[in-house]
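**Q** Structure in structure tokens, see below.
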Amino acid sequence: MKLYTYYRSSSSFRVRIALNLKGIEYEPVFVHLFKGEQGEKDHLARNPQGLIPVLDDDGTVITQSSAIIEYLEETRPTPPLLPTGAVSRAQVRAMVNLVACDIQPLNNLKVLKHLGGPMGHSKEEIDDWYRHWINLNFAALENLVAQHGKGYCFGKTVTMADLFFIPQIWNARRFDTDLSAYPNLLKVEEALYKLLAFDRAKPENQPDAE
């Protein structure tokens, strides 16, 4: 199994956590986003969007981190990353989508580069943009974790919600976001980083870290 990844990609970070939790050995193949390697011909053949991560499971190629993690859950179901019961699963997926749909797309590299390039915004304005979307959605996630969390984002065991949350709070710290208004999220962050699967997946612990 190969994972096309970049150390600071939050989407790749999610998948690394999932692979670690499930004990799946994989070969990382590094795609340097700031050098534009995601736009090269070979990579576009894997993913016409020119994005990472890309998972190659013995010739089966899966793109999009949510789809990859769902694929791993269906093909390697132990340990499970979704709770039992339709309602609980839907609630976890709602937390996943809060990050994957309402934060990350607005703050990914393509958007930030467009804000600073063609649109001419300053670094300070871009950083404010980034923090705005973090704070808007972390306020909601804080309330959801208060309702449903019992040590982790949802319940007493790690779920997909945690896999999406941790890369986002890592990036929030990179942009100097004030997180003091989110005590429940900070407790979950602390608990998750005690798990080897999360610590090993951190960007700074990757071979391509700069």
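The values are calculated or read from the model by the stated rules, or taken from the named source; none is laboratory data. Note that the coordinates shown come from a computational prediction; the quantities given were computed from them, not determined experimentally. With ideal geometry, Cβ positions are generated from the backbone for all residues, glycine too; neighbour counts draw on all protein chains shown.
**Q** Restricting the search to region 53-92, which residues are surrounded by 12 or more Cβ atoms within 10 Å (Cβ to Cβ) and assigned to a strand (DSSP E or B)?
**A** Correct list: Val54, Leu55, Asp56, Asp57, Val61, Ile62, Thr63.
**Q** Would you call Leu115 more than 27 Å from Asn205 (Cβ to Cβ), over 19 Å from the mean Cα position of the chain (by Cα), at pLDDT 95 or above and outside the structural domain of His32 (by TED's automatic domain parsing)?
**A** Here the answer is yes, as Leu115 does meet what is asked.
**Q** Answer yes or no: is there a residue in region 194-205 that is at pLDDT 95 or above, touching a Pro at 6+ places or on another chain (Cβ under 9 Å) and surrounded by 17 or more Cβ atoms within 10 Å (Cβ to Cβ).
**A** From region 194-205, those at pLDDT 95 or above are 194-205; that's our starting set.
Next, from what is left, pick out any that are touching a Pro at 6+ places or on another chain (Cβ under 9 Å): 201, 203.
Next cut, surrounded by 17 or more Cβ atoms within 10 Å (Cβ to Cβ) only: 201, 203.
So far as region 194-205 goes, yes, one or more of its residues are at pLDDT 95 or above, touching a Pro at 6+ places or on another chain (Cβ under 9 Å) and surrounded by 17 or more Cβ atoms within 10 Å (Cβ to Cβ).
**Q** Can we say Thr177 is under 24 Å from Thr78 (Cβ atoms) and modelled with pLDDT of 95 or more?
**A** Working: under 24 Å from Thr78 (Cβ atoms): no; modelled with pLDDT of 95 or more: yes.
In short, no.
**Q** Return yes when Asp42 is acidic (Asp, Glu), buried (at least 17 other Cβ atoms within 10 Å of the Cβ) and more than 29 Å from Ala140 (Cα to Cα) and no when it is not.
**A** no
**Q** Among (1) loosely packed, with under 14 Cβ neighbours inside 10 Å; (2) assigned by TED's automatic domain parsing to the domain that holds Asn97; (3) within 19 Å of Ile17 (Cβ to Cβ); (4) in contact (Cβ under 8 Å) with a residue 40 or more places away in the chain, there is one condition Ala139 misses while meeting the rest; what is its number?
**A** Checking Ala139 against (1) loosely packed, with under 14 Cβ neighbours inside 10 Å; (2) assigned by TED's automatic domain parsing to the domain that holds Asn97; (3) within 19 Å of Ile17 (Cβ to Cβ); (4) in contact (Cβ under 8 Å) with a residue 40 or more places away in the chain, the one that fails is (3).
**Q** Select from region 150-168 the residues that are outside any loop (DSSP other than H, G, I, E, B) and either over 14 Å from the mean Cα position of the chain (by Cα) or over 18 Å from Leu81 (Cβ atoms) (or both) and list them in ascending order.
**A** Gly155
**Q** Ok, one more. Restricting to region 3-22, name every residue that is in contact with a Ser or Thr (Cβ under 6 Å, 6 or more places away or on another chain) and assigned to a helix (DSSP H, G or I).
**A** Residues satisfying the conditions are Ser11, Ser12, Arg14, Val15.
**Q** What pairs come up if the first residue lies in region 29-58 and is outside the structural domain of Ala100 (by TED's automatic domain parsing) and modelled with pLDDT of 95 or more, the second is of a type in the set (D, E, K, R) and assigned to a loop (DSSP other than H, G, I, E, B), and their beta carbons are under 6 Å apart, counting only those six or more places apart or on different chains?
**A** Once the first residue is outside the structural domain of Ala100 (by TED's automatic domain parsing) and modelled with pLDDT of 95 or more and sits in region 29-58, its partners that are of a type in the set (D, E, K, R) and assigned to a loop (DSSP other than H, G, I, E, B) give Phe30/Asp208.
**Q** Check Val29 against each of (1) in contact with a helix residue (DSSP H, G or I) (Cβ under 9 Å, 6 or more places away or on another chain); (2) surrounded by 12 or more Cβ atoms within 10 Å (Cβ to Cβ) and name the one condition it does not meet.
**A** Every condition holds for Val29 apart from (1).
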